[in-house]
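What follows is a single structure, written as structure tokens, with notes after it.
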Amino acid sequence: MRCCQAFPVTWLLSGAVVCAAASEEDTRPEALLPADAVVYLRFDGLQPHRAGWNRTVLGELLRDELRPLAGRLAQAAADAIGPEVLSARLLAGAEPDQLLELKKHTDQLPRLLDLVNRQGFAAALEYTPGADRGGQATVVFPDAAGALDRDAIFGAVRLLAHVSSAEVSQEAVDGRDVLRVTGPEAVSLACWTQGEHVVLTYGTRDIEHTLDVIRKKRADLTASRLLARSTDFDDYETYLRGFVDLSGLLSYAQQEFPPAEALATELGLTGLKSLSVHVGFDGPHQRSTWQVEAPAPRAGLMQLLSAPEELGLGDLPPLPPDASSIRCAVFDVGAAFEEALKAQDAIARVTEPDSETSAAGAVAAFERGLGIDLRKDLLAHLGPRVLTYSSSSEGPFVFGMTMAVEVRDADEVLESLHKLVPALSRAAGGEVTLDKRPYHGVELHMLKLNTPGFVFTPTFAVVDRWLVAGIQPQPVQGFVLRSQKGYSRWQPPEVAADVLRKVKERRPEPRVTGLTVIDPRPTVASIASFAPLVVSAVQSFAGGEPFDTSLIPNAQAVTEPLTHNVTVVSDDGELLRIDSWASLPIPFPMTGMETYFATLFLSSGFLFLSP
């Protein structure tokens with residue numbers, strides 16, 4: 001009886017709790033972004049992740065050896081922004097009160113950078129197809145409603161308006177103090193405080209379009225499947241994450257351009273769902289992960305993602321001991337060739353519907369002229385592993401780059417390549433001859449073009465089970481030597497083996513289909529050792545305030561803590577993942593002479609930032 005009497009009370013209390021929870025407003029920044037966003041990016045700021053950042057090699061370098069140089073450059077950049085803008089407006093004839101207003105806004109820029117470092121931002125890009133087509137970008141600055149942070153954002157918007165000579169207005173919209181910037185084009189920018197956040201929106205739609213998300217007239221991003229997948233990622237500590245809705249982009253493309261649907265089907269792109277990115281830390285390494293959601297079955301170009309075999313460190317050929325960049329992938333070369341022809345013809349049918357030529361037909365005519373079937377006579381005899389690597393000892397700049405392709409039938413491959421020489425002569429506009437020369441028991445095949453100014457001697461050979469080629473004979477000679485006993489070879493670093501082990505431990509177990517190993521130390525050492533001389537030489541001609549070259553650190557101090565950067569491509573049948581571990585992220589490896597060009601460029605940048 002007591003239970004029956006207590007039931008209504010318990011029920012009422014539970015209902016009150018549920019109602020209170022349902023009525024509680026979602027204060028996440030994503031609640032202010034549209035659910036149909038095709039691009040989303042969230043940056044937490046580095047300050048909340050300071051401990052993780054400090055554990056990385058790059059964080060340690062910036063805290064110690066690189067700190068004086070980084071501080072000097074940051075201060076020079078900050079000092080240059082304000083005076084540059086003010087001097088431009090002064091020369092344009094601005095009034096003194098306008099210059100004072102402009103200076104007030106430029107003084108807010110360091111505060112804005114500090115805000116982004118402390119609290120980050122959340123951003124989304126949406127697209128509206130049809131008659132009202134247009135794009136809209138919305139950026140939310142979390143917990144930035146405080147006076148100092150808000151003024152920094154509003155000041156940056158006013159500064160942007162001043163620089164672009166746009167019209168600025170301030171008005172009340174549903175109790176919000178909205179700052180508007182309207183330019184000559186059919187786009188506008190607006191920002192306002194929303195609860196604890198500051199919202200900035202830019203695009204072709206009116207502010208009401210964004211406010212409808214806040215008013216719950218349009219769905220917000222918190223219910224997005226892609227957002228849930230992005231936030232559920234816990235492989236390592238992340239400070240940046242985001243996604244691209246590939247299926248949504250494809251849908252918009254089909255609405256705007258109906259032939260895109262047939263084209264996407266032929267290319268196999270309809271199976272693509274999304275692309276996501278995560279960036280963060282894992283012990284001493286900077287980490288990044290790109291994931292392409294492409295579930296089976298895959299067709300067209302997408303079937304090339306499903307590699308026929310797996311890749312391991314033991315599959316690599318004998319590489320030069322000082323190899324600084326190694327890239328290897330596994331794919332069906334013949335299938336890639338056929339799909340490329342199909343893709344080109346599919347695109348041509350859309351862009352040039354009246355054309356009667358086709359890529360497949362042109363290749364067939366080319367093959368008849370040579371008496372060769374590229375697919376059967378050449379590509380079918382190549383294995384799935386394709387490799388490129390660079391070594392400064394085998395050639396500076398790009399001259400040290402070498403390509404190697406796995407071979408199944410050496411005789412068939414060499415015979416087909418010899419048949420291609422007449423085609424090379426026609427393409428080069430001169431006589432191409434093929435010389436053969438024995439080298440340590442292997443026959444080198446060297447192409448020579450009798451044209452003044454052509455300084456290369458493209459060379460290829462089949463060594464063991466590899467077809468190796470370089471733009472000069474020396475890289476191929478090196479490959480031959482290392483295939484024999486008595487010559488040192490590149491040894492995989494421990495970090496590469498450790499990374500591959502971690503990738504294989506994931507569930508479901510993925511298949512490794514690509515591997516990149518880059519040693520950033522040669523590049524860093526060349527820049528650090530050569531930069532002081534270049535800085536001094538450039539400054540002797542450019543003049544200005546002297547740049548303290550002692551701020552440039554010793555090469556060993558920077559390179560000693562560095563390790564190899566490793567990137568692994570893997571596929572579990574649903575997701576294609578690209579995972580990177582880097583002690584010093586660099587966009588591309590540089591070896592040999594190009595490091596000096598990079599040094600010159602960076603040194604010029606240092607001087608430009610100097611007052």
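The values are calculated or read from the model by the stated rules, or taken from the named source; none is laboratory data. Keep in mind that what you see is a predicted model, and the values were worked out from it rather than measured. Cβ placement follows ideal geometry from the backbone for every residue including glycine, while neighbour counts extend to all protein chains displayed. These area figures cover heavy atoms from the full protein model, side chains too; ligands, DNA and RNA do not enter into them. Shrake-Rupley method; radii C 1.70, N 1.55, O 1.52, S 1.80 Å.
General remarks:
For (1) part of a strand (DSSP E or B); (2) at pLDDT 90 or above; (3) open to solvent by less than 40 Å² (accessible area, probe 1.4 Å), each residue gets a yes or a no:
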residue: Ala380; (1), (2), (3): no, yes, no
residue: Thr388; (1), (2), (3): yes, yes, no
residue: Phe399; (1), (2), (3): no, no, no
residue: Met403; (1), (2), (3): yes, yes, no
residue: Ser416; (1), (2), (3): no, yes, yes
residue: Arg426; (1), (2), (3): no, no, no
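- From Val198, Val163, residue being among the β-branched types (Val, Ile, Thr), in contact (Cβ under 8 Å) with a residue 40 or more places away in the chain and farther than 28 Å from Ser230 by Cβ: Val163
- Among the residues of region 315-360, those that are outside any loop (DSSP other than H, G, I, E, B) and closer than 23 Å to Met401 by Cβ comprise Asp315, Ser325, Ile326, Arg327, Cys328, Ala329, Val330, Val333, Ala336, Phe337, Ala340.
- Residue check for Ser188: under 27 Å from Gly242 (Cβ atoms), out of contact with any Gly (no Cβ under 6 Å at 6 or more places or on another chain) and surrounded by fewer than 20 Cβ atoms within 10 Å (Cβ to Cβ): yes
- Only one entry in Ser306, Ser276, Ser224 is open to solvent by less than 70 Å² (accessible area, probe 1.4 Å) and at pLDDT 95 or above, namely Ser276.
- Residue list for region 441-473, restricted to those being surrounded by fewer than 17 Cβ atoms within 10 Å (Cβ to Cβ) and modelled with pLDDT of 95 or more: Glu443
- Condition met for Gly478 (surrounded by 18 or more Cβ atoms within 10 Å (Cβ to Cβ) and closer than 17 Å to Pro321 by Cβ): yes
- Tabulated pairs, region 247-261, first within 24 Å of Pro295 (Cβ to Cβ) and among the aromatic types (Phe, Trp, Tyr), second at pLDDT 90 or above and open to solvent by 50 Å² or more (accessible area, probe 1.4 Å), C-beta under 6 angstrom, 6+ apart or interchain: Tyr252/Tyr127
- Ser230, sole failed condition from (1) open to solvent by 40 Å² or more (accessible area, probe 1.4 Å); (2) in a helix (DSSP H, G or I): (1)
The rows are residues; the columns are (1) part of a loop (DSSP other than H, G, I, E, B); (2) basic (Lys, Arg); (3) over 28 Å from Val442 (Cβ atoms).
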{"residue": "Val468", "(1), (2), (3)": "no, no, no"}
{"residue": "Pro492", "(1), (2), (3)": "yes, no, no"}
{"residue": "Thr563", "(1), (2), (3)": "yes, no, yes"}
{"residue": "Val566", "(1), (2), (3)": "no, no, yes"}
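- Residue within region 314-330 that is over 30 Å from Trp490 (Cα atoms) and open to solvent by less than 30 Å² (accessible area, probe 1.4 Å) present: no
- Residues of region 107-136 satisfying the condition of being under 16 Å from His197 (Cα atoms) and either crowded, with 19+ Cβ neighbours inside 10 Å or hydrophobic (A, V, I, L, M, F, W, C) (or both): Leu112, Leu115, Val116, Gln119, Gly120, Phe121, Ala122, Ala123, Ala124
- Test: residue in region 265-272 that is open to solvent by less than 30 Å² (accessible area, probe 1.4 Å), more than 22 Å from Tyr40 (Cα to Cα) and either aliphatic (A, V, I, L, M) or in contact (Cβ under 8 Å) with a residue 40 or more places away in the chain (or both): yes
- Filter result (within 31 Å of the chain's Cα centre (by Cα) and among the acidic types (Asp, Glu)) within region 342-385: Asp345
- Among the residues of region 508-547, those that are in a loop (DSSP other than H, G, I, E, B), surrounded by fewer than 20 Cβ atoms within 10 Å (Cβ to Cβ) and at pLDDT 85 or above comprise Pro508, Glu509.
- Leading residue by the ranking (modelled with the highest pLDDT) among those in region 1-58 that are among the basic types (Lys, Arg) and closer than 30 Å to Lys217 by Cβ: Arg42
- Unique match (being touching a strand residue (DSSP E or B) at 6+ places or on another chain (Cβ under 8 Å) and either surrounded by fewer than 19 Cβ atoms within 10 Å (Cβ to Cβ) or closer than 27 Å to Leu562 by Cβ (or both)) among Phe281, Phe257: Phe281
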